[in-house]
Amino acid sequence: MEIEQLNKLDEDALTAGFLKCCSSVNWVSQLIDKRPFKSKDELFLTAKKIWSEKCDRTDWLEAFKAHPKIGDINSLAKKFAGTKNWSSNEQAGVKAASMKTLGALAVGNENYEQRFGYIFIVCATGKSAAEMLRILNSRINNTPEKEILIAMQEQHKITEIRIKKWLMNNV
């Protein structure tokens with residue numbers, strides 16, 4: 001989809017598309033209010049600025065809830081039907097993981113969620129399960145203040161990838 005087509009979408013279609021990319025209602029609403037976009041670059045810059053400067057912890061946590069836990073293939077199939085193709089492709093590195101690595105991811109996810117109050121967020125695209133486990137283990141001892149900012153940045157990486165997919169698949 002070209003930027004001109006995106007600018008012409010009605011608000012319901014635009015809302016639905018952006019919510020598939022990031023489920024923060026506040027982020028979507030603010031992004032729609034910035035239309036029309038002159039270019040895709042402007043769309044991406046605006047999306048990033050809103051996410052980092054106009055959204056807060058509540059918005060970030062809302063977006064995190066739309067993700068399956070890393071390595072939880074059953075969750076991908078059940079809870080996230082609307083984005084399951086994207087999520088499963090993003091987590092493709094988990095499919096070849098050993099049971100030991102998957103078990104360690106499950107335990108790490110639980111520990112992370114208990115410590116921070118939300119699931120572990122990482123842009124999984126191109127990462128193996130072992131790499132994601134190393135990242136999880138490297139972040140588990142962060143302060144809550146530091147970790148929410150890292151998770152927020154990882155969420156935005158995921159959002160950018162999904163916006164690109166949405167634009168490419170809606171020609």
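The values are calculated or read from the model by the stated rules, or taken from the named source; none is laboratory data. Nothing here was measured: the structure is a model prediction, and the numbers come from that model. Using ideal geometry, Cβ is built from the backbone for each residue, glycine included, and neighbour counts are taken over all protein chains shown. The accessibility values were calculated without ligands, DNA or RNA, using every heavy atom of the protein model including side chains. Shrake-Rupley method; radii C 1.70, N 1.55, O 1.52, S 1.80 Å.
Remarks
- Residues located in region 6-28, provided they are open to solvent by 60 Å² or more (accessible area, probe 1.4 Å), in a helix (DSSP H, G or I) and either free of Cβ contacts under 8 Å to residues at least 60 places away in the same chain or among the acidic types (D, E) (or both): K8, E11, D12, L19, V25
- Residues that are assigned to a loop (DSSP other than H, G, I, E, B), open to solvent by less than 70 Å² (accessible area, probe 1.4 Å) and small (G, A, S), drawn from region 116-131: G117, A124, S128
- Reported count of residues in region 146-170, each being open to solvent by less than 60 Å² (accessible area, probe 1.4 Å) and closer than 27 Å to F116 by Cα, is 13.
- Checking R139, R134 one by one, the residue that is out of contact with any Lys or Arg (no Cβ under 7 Å at 6 or more places or on another chain), open to solvent by less than 20 Å² (accessible area, probe 1.4 Å) and either free of Cβ contacts under 8 Å to residues at least 24 places away in the same chain or over 19 Å from L19 (Cα atoms) (or both) is R139 and no other.
- Tally of residues being outside any helix (DSSP H, G or I) and either buried (at least 16 other Cβ atoms within 10 Å of the Cβ) or within 17 Å of the chain's Cα centre (by Cα) (or both) across region 29-73: 11
- Consider region 99-115 and keep the residues that are farther than 24 Å from R57 by Cβ and either open to solvent by 10 Å² or more (accessible area, probe 1.4 Å) or β-branched (V, I, T) (or both). The one that is nearest to the chain's Cα centre (by Cα) is A106.
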